[in-house]
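The values are calculated or read from the model by the stated rules, or taken from the named source; none is laboratory data. Keep in mind it's a predicted model, so treat the numbers as computed, not measured. Note that each Cβ is placed from the backbone with ideal geometry, even for glycine, and that neighbours are counted across all protein chains shown. Accessible surface areas use protein heavy atoms only, side chains included; no ligands, DNA or RNA. Shrake-Rupley method; radii C 1.70, N 1.55, O 1.52, S 1.80 Å.
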Amino acid sequence: MSHIIAELFPPSTLRLFELIADVLIVLTTVSIVGVLTYTKKWVWLWREWLTSVDHKRIGIMYLIAALVMLFRGGVDALLLRTQLAFPNNHFLGPEHYDEIFTTHGTIMIFFMAMPFLFALFNVAVPLMIGARDVAFPRLNAVSFWLFAFGALLLNISFVIGGSPNAGWTAYPPLTELRFNPSVGENYYFLSLLIAGIGTTITGINFMVTILRMRAPGMTLMKMPMFVWTVLVTGALIIFAFPPLTVSLALTLFDRLFGSSFFTLGHGGMPMMFVNLFWLFGHPEVYIVVLPAFGIFSEVVPVFSDKKLYGYPIMVASVLAITVLSYGVWVHHFFTMGAGPGVNAFFGVSTMLIAIPTGVKIFNWVLTMWGGRIRFTVAMLWQLAFIPAFLIAGATGVLLATVPVDYQMHNSYFLIAHFHFALIGGTVFGVLSGMYYWWPKMFGYMLNERQGKVAFWLFFIGFLVTFVPQYMLGLEGMTRRMYTYPPGLGWSSLNLVSTIGAFTQGAGFLVIVYNVLWSMRYGERDLTGDPWNGRTLEWSIPSPAPEYNFAIVPVVHDRDAWWDMKQSGKSEAFKVKSSAIRPVHMPKRSAMPFLLGLSFFVVGFGMTFSWWVIAIIGGLGVLASLLYGAFDYDDFEELDPEVIRRTEAGLGRLQA
Amino acid sequence: MPKRHSPRGRHRYWLTLAIALGLTVSGCGQQYVVLHPKGPVATSELNLLILASVAMALVIIPVWMLFAYTLVRFRDNPRHEGVFVPKWQSSRLLEILLFVVPLIIVAVIAVPTVQKTYALDRLPPKKDPVVINVTSLDWKWLFQYPGQHIATVNYIEIPAGKPVLFELTADSPMNTFWIPQLGGMEYTMPGEVLPLWLEANKPGVYMGRSGQFSGTGFVHMVFSVKAVSSAAFNSWVQQVKTTAPGMSLATYHSIVKIGTMGHESFSSYPAGIFPTTTHGFTLTGSSPMKMP
Ligand code: HEM
Ligand SMILES: [Cu+2]
């Protein structure tokens, strides 16, 4: 018994921060359970949310999870920056610092950026293409629960068993059992493997949805740009995740079963892990940035009151980026001695990718040219993205210049580059999308004034944090250092960077306040079209009814809803009572939740090599799958009367 | 009567002022090690960095300006009388320009990149390099001088003005070997031996460190590089040979043990602690090592 407790709670889980986290977790859990019991909401939670297969609900759950993870990753970041604020600081010890930068990176990429984007995929894509749900609604819920339980598995490592500590890239041999005997890395591999299955399914699901379920008349070249980017992201996911799965699984084998794929000695080849990891890793950065490009391509035309400039070129650029992004991964290890021929090839291919990216930026500016620009919060995030991403791209080209990369690799210059790309691209993108689609999700607007305060705090904080980091790189500071001595010229720049980080933190808190305030006092969106939108999701009420479209629209133009409004047909878009037909709707199901839970049990058991638990979980997985496979009663007809009543209640029924 | 500055003097005066201003504004003091190269490799890398930065600035600054102008001119303001063309969405000439101009700029960077990538991979001809075998350990650097048959820990001395060929391996998780003032980094990996040549122009002491995280002691993976005249180098070798203790296999195993160390010198080292065969696929022609 006592050795089990010692395994579950090693000293690294009994430090001050971990204990504070323990207390907070217990308090939150108790209060949530208390509130749910007191208000008798358990059944409601189970029926309406946990077993829901409605893409809008799943989108909202993704959004909540992503915001929670943004908070966790953000707290990690502030702890790291506090430690680095002064030379020889003793705020965090080396073990602690290493764990925190590892969870920070892993959470931000896999459990914040990706689910945040998936939230917006779910909320917007079916509505934009005039569909009633995604192609495989139940699989969609499976994706979500695999992600959610994967995220949970990684997060409990902080308080049970100990966190991973070898960086989000987890290169062996550092992650080999010999150098890393604690269970932390097992958590890392297993949580990513579990969430990765969900991600792959999401990729497939959205590709099929987009290819098969568009409203009549919506040809590929009439799809909104965001839908295009989701389509190619699906393709990127399908080809990028297998190498990740292989590299993670083989390293896990090395750790759990004594194989020697990537070990030091015994013929292991650690560099092969690096190769496989980046074969996934570079497409991954486009997986998280292309959808953000898509969001900007929706936001800019709406708030410039103008058609998207150069739509065919935008599509061509996205496709070019998708293809090229598979041909550049070696730029992450130019300094691993692949030789000048290989390095030169991958350096030039990387530079080529900057061209379609640059063309897109030009197109957004040309979209604004000759328009009428409204500076809403959604638009402000996009406007901040343009200058920031230009810097990210330009410094990316510097890093692709092979001999320059020899001096910049793994320095703070690199750190600054990818934070400009990931925050300036992905985070600004998802926040823009969140403010833009919020009324469609919840039926009320987020307060614009508070949103602007949050924006300016965050944007200025972002520049103050990361511009000094470019300079630190030129001063020779390398990444993942838990401390540094004075006298190298690094001290003041680090302090400035920390101040910037806290400013961003303040910006995040204002966003939270903004959401909570608006929940109560925010302006209700009664029109369904608060921004004077252009695409189909704005043609239906906010929030969208369960069946999305009472009558499936027919599309004639690229900006379908704009077109209807312009030609005065939006009135005709009101539903004729007689035209309403019963709607075929997917039924809610407990299978996805139970499958996720079973995978969690497998993951937890394998982390500690407690095989009995892992096998029990495995049986759960099998049972859930069988139950799902033989459950033929998975659709129901929605009574037209319900639709009629809902639409009439919204004043949308034609006389 | 005050003497008038000659045009040339005036020129120099402005140049100094501009440089001084540039340095204070950007803070480019000596602590910007990458911008103050002390050897041919680092200089060559810096020149490429400057070229690429200028080319990139030529792209982003005009776009920033166009962007700012667009925001001001076309903001939604009842008083401004900008053109309003809600349906304008393509222009053939512009589109061709959009692809061609970036392509030219990329070519301007790509051509010298390829040239230098090849050039820096080759040792300068007809100069006999000093060879140093580098092993990264948890968490210290072991250096062996096969030509001189001495070894050191966490510091090296090298002759200035002469190329040094570092052969890099690891008996630990990976690290990168980086002396920013002399040139860029290269990985140390178990089972591989990667070559990297560097040279110091002038005598001096330069800082080296690891760029790849390798565990809790990683920040202590620093070493110092002392470049001295050839004569001083030879006498330092002699001094190590005569005064330092020898390294037995047992000593080596105690060095490999996890932990940090100060500077150490050894007058000999046991044979076979540096790998002679490797996975092979990463060695380039510039290394004197044979492929297995
Ligand atoms: C113009 C386009 C881009 C170019 C030319 C470019 C180039 C590069 C290069 C050469 C590296 C490797 C540097 C090194 O490790 O030494 C790199 C690293 C990185 N880039 Fe980019 N990049 C571009 C866009 C992006 C985008 C869009 C993202 C993400 C949204 C991104 C995220 C990253 C990340 C996360 C890393 C480092 C990962 C790590 O080592 O942990 N980059 N980039
Ligand atoms: Cu990359």
### Query
What is segment A:590-633's relative contact order, in percent, from Cα pairs under 8 angstrom and six or more apart in sequence?
43
### Task
Using 0.36 nm per residue of separation minus the Cα-Cα distance, give me the extension gain between residue A:15 and residue A:629 in nm, one decimal.
216.4 nm
### Task
For segment B:130-266, calculate the relative contact order in percent as a whole number, restricting contacts to Cα pairs under 8 Å that are 6 or more residues apart.
30
### Task
Could you calculate the FRET efficiency of residue A:648 with residue A:570 from 1/(1 + (r/R0)^6), where r is the beta carbon distance between them and R0 is 25 Å, rounded to 0.05?
0.85
### Summary
Buried accessible surface, B vs A, both sides, probe 1.4 Å, in Å² to 100, equals 7600
### Task
Please report how many Lys pairs in segment B:130-266 have alpha carbons closer than 19 angstrom, counting only residues at least 8 apart along the chain or sitting on separate chains.
6
### Message
Give me the three principal axis extents of the protein assembly as shown from the C-alpha atoms, as integers in angstrom, largest value leading.
### Response
105, 92, 47
### Summary
Yeah, segment A:449-509 with a ≥ b ≥ c from its alpha-carbon gyration tensor (a/c under 1.5 is rounded, else prolate when a/b outruns b/c, oblate otherwise) is prolate
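Let me confirm one metric for peptide A:361-369, namely the mean number of other chain beta-carbon atoms within 10 Å of its residues' beta-carbons.
Per residue, the number of nearby Cβ atoms from other chains is 6 on average.
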### Task
Give the cross-link partners of residue A:306 among the lysines, using a straight C-alpha distance below 26 Å as the criterion and excluding same-chain residues fewer than 8 apart.
A:222, A:360, A:440, A:452, A:565, A:569, A:574, B:87
### Summary
Counting only DSSP beta bridges with both partners in the protein assembly as shown, the antiparallel fraction in percent, to the nearest 5, comes to 70
### Message
Going 7 Å from the Cα of residue B:251 along its beta-carbon direction, which residues of segment B:197-228 have the amide nitrogen within less than 20 Å of the resulting point?
### Response
B:224
### Query
Which three lengths, in whole Å and largest first, does segment A:400-469 cover when its Cα atoms are put on their principal axes?
53, 21, 13
### Peptides A:483-494, A:114-125, B:153-164 ordered by average Cβ neighbours within 10 Å, highest first
A:114-125, B:153-164, A:483-494
### Query
Taking the Cα atoms of segment B:130-266 alone, what are Rg (to one decimal) and Dmax (as a whole number) in Å?
13.9, 39
### Summary
Expected sort for B:165-174, A:21-30 on mean C-beta neighbours within 10 Å, highest first, is B:165-174, A:21-30
## Note on the structure
The lysines whose Cα lies under 20 Å from the Cα of residue A:587, excluding any fewer than 8 residues away in the same chain, are A:56
### Message
Which order do the peptides A:186-195, A:254-263, B:44-53 come out in when sorted by mean C-beta neighbours inside 10 angstrom, highest first?
### Response
A:186-195, B:44-53, A:254-263
### Task
Partner chain Cβ atoms within 10 Å, averaged over the residues of B:92-103 - can you pull that number for me?
4
### Message
Starting from the 7 Å offset along Cα-to-Cβ, what nm value, one decimal, do you get for the label separation of residue A:75 and residue A:524?
### Response
3.6
### Message
Within 10 Å of each Cβ in A:179-190, how many Cβ atoms from other chains are there, averaged over the peptide?
### Response
1
### Task
Excluding residues on the same chain fewer than 8 positions from residue B:127, give the aspartates and glutamates whose Cα lies under 15 Å from its Cα.
B:199
### Query
For segment A:316-421, max minus min Cα coordinate along each principal axis, in Å, sorted largest first?
52, 31, 16
### Query
Where only protein heavy atoms count, and the probe is 1.4 Å, what is the accessible area per residue for the protein assembly as shown in Å²?
39
### Query
What is the distance, in nm, between label points placed 7 Å from the Cα along the Cα-to-Cβ direction at residue B:111 and at residue B:230?
3.8
### Message
Counting only Cα atoms, I'd like the Rg/Rh figure for segment A:590-633, Kirkwood definition for Rh.
### Response
1.07
### Task
First check a/c for segment A:533-645, with a ≥ b ≥ c the square roots of the eigenvalues of its C-alpha gyration tensor; if it is under 1.5, answer rounded, and if not, answer prolate when a/b is larger than b/c or oblate otherwise.
prolate
### Message
As an exercise, identify the trypsin sites (Lys or Arg not before Pro) in segment A:448-514 lying in DSSP coil whose Cβ has no more than 13 other Cβ atoms within 10 Å.
### Response
none
### Summary
The alpha-carbon center of segment A:1-65 and that of segment A:99-131 are separated, in whole Å, by 20
